[in-house]
Amino acid sequence: MNMFRGVRPTLLLGCAWVAITTTSAQAAAADAPAPAADAAAADSDGLGEVVVTATKRETNLQKTPIAINVLSTETIKDRHVQSLYDLADGAIPSLRVATFEARQTALTIGIRGIVPLDANQPAREQGVGIYIDGVYLGRQHGLNAALFDIERIEVLKGPQGTLFGRNTEGGALSIVSKAPSGEFGFRGTAGIANHGGYNGDVHIDLPEWNNFSLKVDGVVQYQDATIKNPLQGEKGWNYFDRRGFRTALRWKPNADLIVDLSYDNGYDANTAFYSQLLNYNPNHCIAGTQAAQPNCQLPGTNFTSLAGTVKPLGPLVKVEGDDRMKVADIGVPQQPSVDKTHGYTAKVAYKLAPEIELRSITAWRGVSSRQWDNSGGAHRPPLVAAGCTLNACNFSRYSLADLFQNQFSQEFQAVGSVGHVDYAAGLYYFIEHVRDDAATPNSVAYNSTLTAVSVLDPCRGSAGFGSQYGCRSTDRASHAEAKSYAAFGQLTYNLDALHFTVGGRNTWDRRSGALFIVNNIARPYTYSQHTSHFDPLAIVAFDAAEGINLYAKYSTGYRSGGASSRSITYRSFGPEKVKAYEIGAKTEFLDHRVRLNLAGYIMDRTGSQIDFSSVSFDQITGSNRNTVETVNAPGTTKIRGAEADLTINPLEGLTLTGSYAYTHTDIPSIANPFTGVMQKVYIVFTPRNAVSGAIDYSVPVGSANLKFHIDANHADATQTFDQYATKNDASFIVNARLSFGDIRLGQGNSTLTIAAWSRNLFNEAHVYRRDPSNSLPAFGATSPGNINNVLGDYGNFNAPRTFGLEGTIRF
């Protein structure tokens, strides 16, 4: 690998004109300098104030009575966070980020055990609301795009159903961009990395002219594949090429009116993480009486006998369960998946009177995703036996999927204070249209002795079909529409040391969709669902002493129902709802040198949306296909947790931080929709214990500054699937950065910063996604089970160590 591979000479920059934007609370801090976050280096006066906008107004983190974590600009830079997936290492222990399947085209994001397995379908919703500058993003797709010039990322934990709305059961992740400053400024960064990587960004602030201020941001991020593809000319795995630009225009004719306009456009070409074969027939499945092999059974089943044959491994297939491979065992066709995102945002804030500010947030956004995932190779069905002929020799399932979404949202807010009362109220409207399709042709074929492979014709080679457009056999195609209306309000009565907050939001959802192709045949399946829900909130906060703030909170949230486009019959399911009880303490002491925040919570969820997957028989076509059925669990899902965040500034320039999250989850047993048998199910990607710690030390060297950062992050093993007890590996990731900054260039204000960084410094390898479905029997027509497609667990390892150098010039 050559870390000095050529850097792209120019950055993609652009300016675009759009419609209206505000300093709404989610982005209101744009007028102020970027706040220091917990992990930022402290100054001589101790820990600096952290500004958040979780209540639709700027407030001090320590006086805001909800559990919040903040990643500042400095923290994002120190951890070399280029996209949201980089937060998968555990920077915030209660925030979990994972890819859907092995694909980087869609991210699964969860907080406090609210982590949906398969929310990347058109008629399926997330459990955590993702916001960019106050605008809700309706889909998981496109979330791994390059981050622009970010002021901070706020992680609001627990249900946020009152001020942030539907689908925020677990909380909300609010990304706040830096707004135009009205003063001239330039900042440019260029860097190189191993695996042929490079990155660059340019940020230009133009001086205010006739009350107008303009800011333009451009970014590129590139990395070659970290696992090579033996097939000549084809992409390997864990490759990405991200580019994007954002332009923002602020009009501030007077102190009472601010109008913000912004446009962003992103491009993300990537390949999936490689799916390695971790073991071979780990459950020792054999045909015959099941009693001899109690491990070879699906959850919730008790096969009396097994039929079929476990095929022997082919000579080209490699089993590797201890470390990530560097070169795949079999080369297959693999081209990048491509996500494209764009958004227009228009915000207005008008100070009508000292007691009231009126705000409007209008946004149009869209995402297109074209998925090409051939990460499984020979490690998943169809499996091939020696002596095969014709189509029976074909394998390597090429998972192809397209998704296209556009959305419009409008929010009106009134925010202000009257006497002892702070208030926020508003109206919200959201509409989206989504469509998707998928195909899974085979891409290569063995010879009859399994000693060589050949590439199939991309149009007709897979039993008459292929991967090219116009040649595909469509497994499924669907479209969906969602409309959401809401009215909300929240007020806080401040009585000396006591603060009482009450609020509520009523949401009306109207959803519909159609699954119009299944197994390449037109189908008539539709669904329609109209629901409404009221989410109340109540908080009592008490300023017990200087620097000690206590609170108790009750809140609710809900996630819309929908329908599974991976179901052969477009099976629908209802919404899920959560009630949460939380107590917390936010404290600062020793002259603002120590900050300790604690929270404990109980969440009871009803109607939990649980995913079951299996190979199902389609009676219309007489063929089998992978199917996902989503059902609502009976009873109450219990989620219990405790969190602690500690920041210490023992001496000038040194900051120590530590965060811990304990999460216990329990879902009542549920009937498997494929068998009708009751079985235990699980919440995915939710470790029982997760911890993160960091050391930041900064020391002046002449007029410059030397800074060292290191962070370490651990998480217990977790499940990948609702229906399997099989766990992934525990993880321990260390990141580091050393920078020499503020080096004066000449006599002006120009400075240079040089930095060396590393992610996963010790090259730790763990399986973050483990799939046991290929090591277990399939359902037979009745009983016995069938083991013809038993091979072994396959899984995906985390990214290997990356490291690089970068330089930043500003003036």
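The values are calculated or read from the model by the stated rules, or taken from the named source; none is laboratory data. Note that the coordinates shown come from a computational prediction; the quantities given were computed from them, not determined experimentally. Cβ coordinates were reconstructed from backbone atoms using ideal geometry, including for glycine residues, and neighbour counts include every protein chain displayed. In case anyone asks, the SASA skips ligands and DNA or RNA and just uses the protein heavy atoms, side chains included. Shrake-Rupley method; radii C 1.70, N 1.55, O 1.52, S 1.80 Å.
Which residue, of 644, 671, is aliphatic (A, V, I, L, M) and under 27 Å from the mean Cα position of the chain (by Cα)?
Result of the check over 644, 671: 644.
Taking the conditions exactly as written (farther than 19 Å from residue 165 by Cβ and either without any contact (Cβ under 8 Å) to a residue 40 or more places away in the chain or in contact with a strand residue (DSSP E or B) (Cβ under 8 Å, 6 or more places away or on another chain) (or both)), does residue 409 satisfy them or not?
no
Would you confirm whether or not the range 729-747 contains a residue that is at pLDDT 95 or above and part of a loop (DSSP other than H, G, I, E, B)? Full working, then the answer.
As a first pass, look at the range 729-747 and keep what is at pLDDT 95 or above: 729-740.
Applying the additional criterion that residues be part of a loop (DSSP other than H, G, I, E, B) yields 729-730.
Yes, the range 729-747 has at least one match.
Looking only at strands (runs of 3 or more DSSP E) that lie completely in the range 750-811, which have at least 1 residues being farther than 18 Å from residue 724 by Cβ, of a type in the set (A, V, I, L, M, F, W, C) and in contact with a strand residue (DSSP E or B) (Cβ under 8 Å, 6 or more places away or on another chain)?
Passing ranges, in order: 751-759, 794-797, 802-810.
Which of the residues spanning the range 750-800 are among the β-branched types (Val, Ile, Thr) and more than 30 Å from residue 705 (Cα to Cα)?
767, 782, 787, 790
State which residue is nearest to residue 399 (Cα to Cα) when the search covers only the range 604-620 and only residues that are open to solvent by less than 50 Å² (accessible area, probe 1.4 Å) and assigned to a loop (DSSP other than H, G, I, E, B).
For the range 604-620, the residue satisfying everything is 608.
Quick one: residue 150 ticks every box in (1) surrounded by fewer than 24 Cβ atoms within 10 Å (Cβ to Cβ); (2) out of contact with any helix residue (DSSP H, G or I) (no Cβ under 8 Å at 6 or more places or on another chain) except a single one, so which number is it?
(2)
Condition first: of a type outside the set (A, V, I, L, M, F, W, C) and either within 15 Å of residue 608 (Cα to Cα) or in contact with a helix residue (DSSP H, G or I) (Cβ under 9 Å, 6 or more places away or on another chain) (or both). Now tell me which residues in the range 658-691 satisfy that.
Across the range 658-691, the qualifying residues are 665, 666, 668, 669, 672, 673, 679, 680, 682.
Condition first: touching a strand residue (DSSP E or B) at 6+ places or on another chain (Cβ under 8 Å), among the hydroxyl-bearing types (Ser, Thr, Tyr), open to solvent by 10 Å² or more (accessible area, probe 1.4 Å) and closer than 24 Å to residue 732 by Cβ. Can you find one or more residues in the range 68-85 that meet it?
yes
Looking at the range 561-571, can you tell me whether even one residue there is open to solvent by 40 Å² or more (accessible area, probe 1.4 Å) and in a strand (DSSP E or B)?
No, the range 561-571 contains no residue that is open to solvent by 40 Å² or more (accessible area, probe 1.4 Å) and in a strand (DSSP E or B).
Tally up the residues in the range 182-194 that are within 27 Å of the chain's Cα centre (by Cα) and either under 9 Å from residue 806 (Cβ atoms) or open to solvent by 20 Å² or more (accessible area, probe 1.4 Å) (or both), please.
Here the count works out to 5.
Given the condition more than 10 Å from the chain's Cα centre (by Cα), open to solvent by 10 Å² or more (accessible area, probe 1.4 Å) and over 27 Å from residue 640 (Cβ atoms), answer yes or no: does some residue in the range 107-119 qualify?
Checking the range 107-119: not a single residue is more than 10 Å from the chain's Cα centre (by Cα), open to solvent by 10 Å² or more (accessible area, probe 1.4 Å) and over 27 Å from residue 640 (Cβ atoms).
Looking at the range 761-811 only, could you name the residues that are closer than 29 Å to residue 712 by Cα, without any contact (Cβ under 8 Å) to a residue 40 or more places away in the chain and not aromatic (Phe, Trp, Tyr)?
763, 764, 766 - these are the residues of the range 761-811 that are closer than 29 Å to residue 712 by Cα, without any contact (Cβ under 8 Å) to a residue 40 or more places away in the chain and not aromatic (Phe, Trp, Tyr).
Which one of the conditions (1) small (Gly, Ala, Ser); (2) within 12 Å of the chain's Cα centre (by Cα); (3) surrounded by fewer than 24 Cβ atoms within 10 Å (Cβ to Cβ) does residue 46 fail to meet, given that it meets all the rest?
(2)
Looking at 732, 740, which one is touching an Asp or Glu at 6+ places or on another chain (Cβ under 6 Å), open to solvent by 50 Å² or more (accessible area, probe 1.4 Å) and touching a residue at least 12 places away in the same chain (Cβ under 8 Å)?
Of the residues listed, the single one that is touching an Asp or Glu at 6+ places or on another chain (Cβ under 6 Å), open to solvent by 50 Å² or more (accessible area, probe 1.4 Å) and touching a residue at least 12 places away in the same chain (Cβ under 8 Å) is 732.
Quick one: which strands (runs of 3 or more DSSP E) lie wholly within the range 428-530 and hold at least 1 residues that are basic (Lys, Arg)?
Passing ranges, in order: 476-495, 498-518.
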